Amino acid sequence: MAHMALTVGFDLDMTLIDSRPGIRACYQALSERTGTYIDADLAVTRLGPPLAEELVNWFPAEEIPAMADLYRAMYPAIAITATPAMTGAREAIAAVREAGGRAIVVTAKYEPNAKLHLAHLRIEPDAVIGDLWAEQKAEALREHEAGVYVGDHVGDVRGARTAGALSVAVATGPCPEEELRAAGADVVLTDLTEFPRWLSDYRPARA
């Protein structure tokens, strides 16, 4: 377990990046492009699940694959520069490195776009694995022997628990602290600014 704890996984949207401005703009552009009403302000209050789970609220089921492809194609030009890092994101990655560990990103976001976000913000994890949601995230967490997974959604808690990793939740996304705890999070932090101190206390205890 001491070895596993040295690899820490992080979710992306609303954990490492505040993707609301970029995603809102992309949904607005998709609405204009297709002539279909999308409540972009509502959509960004429920980030976390895969894109198709949001698109189904606005398009017929048979159109979802095409709309997802269009959204992802439009996304780099619209969403990347509009998206800031979450407060404490860089410091959280740095804390893992300073502790001698590896930091990976495991996200439901389309992997090429996830990598564009991180490159633009100059956040450099050791690996980026996309297109995995909730329990599916356990595949990458196990492969990389991650002992801790940090995320903002109850789906992230489920992914951590499925992988046998410690679930560290940050209450910076759509799920409040009470919901994260009820889902089984082992630790709930207000945001990532609390993560370095938590990690410094956690590692000696595990060792």
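The values are calculated or read from the model by the stated rules, or taken from the named source; none is laboratory data. Bear in mind the structure is a predicted one, so any value in this text is a computation, not a measurement. Counting neighbours? That spans all protein chains shown, and the Cβs are built from the backbone with ideal geometry, glycine included. Note: accessible area is taken over every heavy atom of the protein model, side chains too, but ligands, DNA and RNA are not part of it. Shrake-Rupley method; radii C 1.70, N 1.55, O 1.52, S 1.80 Å.
Annotations for the structure displayed:
- Selection count, region 122-136, where residues are touching a Leu at 6+ places or on another chain (Cβ under 8 Å) and of a type in the set (A, V, I, L, M, F, W, C): 2
- The residues in region 112-152 that are of a type in the set (F, W, Y) and either surrounded by fewer than 22 Cβ atoms within 10 Å (Cβ to Cβ) or touching a Pro at 6+ places or on another chain (Cβ under 6 Å) (or both) can be counted, and the count is 1.
- Filter result (over 18 Å from V168 (Cβ atoms) and over 14 Å from the mean Cα position of the chain (by Cα)) within region 127-157: E139, E143
- Residue that is farthest from A89 (Cα to Cα), among those in region 7-57 that are among the polar types (S, T, N, Q) and exposed (fewer than 14 other Cβ atoms within 10 Å of the Cβ): N57
- Of all the residues in region 187-207, those that are open to solvent by 50 Å² or more (accessible area, probe 1.4 Å) and either modelled with pLDDT under 95 or part of a helix (DSSP H, G or I) (or both) number 10.
- Residue identified as open to solvent by less than 80 Å² (accessible area, probe 1.4 Å) and on the phi > 0 side of the Ramachandran plot among G159, G155, G184, G173: G184
- Counting only helices (runs of 4 or more DSSP H) wholly contained in region 1-111, the ones carrying 2 or more residues that are in contact (Cβ under 8 Å) with a residue 12 or more places away in the chain and either of a type outside the set (A, V, I, L, M, F, W, C) or closer than 25 Å to G164 by Cβ (or both) occupy 20-34, 64-79, 89-98.
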